[in-house]
Amino acid sequence: TTRGMGSADSHGNCDGVVYSNCTLYGASPSGKNIALLNCTIHGRPPELFADGAAVYGYEVLGGVFRIHNCTLISHGNNQSFGLIHLVANSIQHDLLVDIRDLTIQSWSPNATSPRILTVNLGPDDKPQRVDIAIDGLVWKSWTEGRPHTVVSLVGLRSIVGKGSVAIDNVSIPGGTEFVDGQNVANFAIPMRLPRQTGSVRATTQASRVV
């Protein structure tokens, strides 16, 4: 809609909502223990919302937030909110974001620094855990060669001692950053990230020491 509400709209009072084998034009799932399974989800229209976010959960309260075997299609820049944006600044229970076998089709030539998942942790400290697990990701992007990010932790809240990130089995554009964050202290949380390999071409003057 013109207000950015997705076709799968649930609120913070919902628990155990599952969308399975659906084609969705924007998804706004919120609450506790929410699942998107085997779905194709189109992002918000970029002529109305430049980010083109496909999943926007604005009242995430905790539990397990599952996105399994889904395809996300976006023509937005995927910057301010990313393709998946979860607002977790009011969580009341431990939160596990569980993403498996996700295919991303990001087709905007204007995306300068696209992101897949942003989690808004909020400004205030809370006792609940926030854990993120991604296993199986294929990211097809129009703008390969520009900065890309898989997980972005937004907000000043620290989850040191009560959070983790695990990313496995990915096929993503070269130069992609796995994790970034607003509070640099959160880089101290346990992380399991794929091994990265690559090469760089350098031209130097003749010398025995380079």
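The values are calculated or read from the model by the stated rules, or taken from the named source; none is laboratory data. This is a predicted model, so every value here is computed, not measured. Cβ atoms come from the backbone with ideal geometry, glycine included; neighbour counts cover every protein chain shown. Only protein heavy atoms, including side chains, enter the accessible area calculation; ligands, DNA and RNA are left aside. Shrake-Rupley method; radii C 1.70, N 1.55, O 1.52, S 1.80 Å.
The figures follow:
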read-out	value
Residues of type lysines that Lys162 reaches as a straight line, Cα spacing below 29 Å, ignoring anything fewer than 8 places off in the same chain	Lys32, Lys126
For the chain: accessible area per residue (Å², 1.4 Å)	49 Å²
Only Lys, Arg (+1) and Asp, Glu (-1) charged, at Cβ; the chain dipole about Cα centre in debye	500 debye
Relative packing of 117-124, 94-101, 167-174, which averages over residues the other C-beta atoms within 10 Å, highest first	117-124, 94-101, 167-174
Apportionment of accessible area to carbon and sulfur, the chain, percent (1.4 Å)	49 percent
Reachable lysines, given that their alpha-carbon falls under 29 Å from the alpha-carbon of Lys140 and they are not under 8 places away in the same chain	none
Read-out semi-axes √(5λ) of the Cα gyration tensor in Å, derived from the coordinates shown; its label in (1) 35, 19, 16; (2) 34, 26, 11; (3) 30, 22, 15	(3)
Loop trypsin sites (Lys or Arg not before Pro), segment 1-90, which have at most 14 other Cβ atoms in a 10 Å radius of their Cβ (DSSP)	Arg3
Extended-chain gain in nm, criterion 0.36 nm per residue less alpha-carbon gap, Asn169 and Thr112	18.1 nm
Positive-pole candidate from Gly26, Val130, Leu61, dipole of the chain, charges at beta carbon	Val130
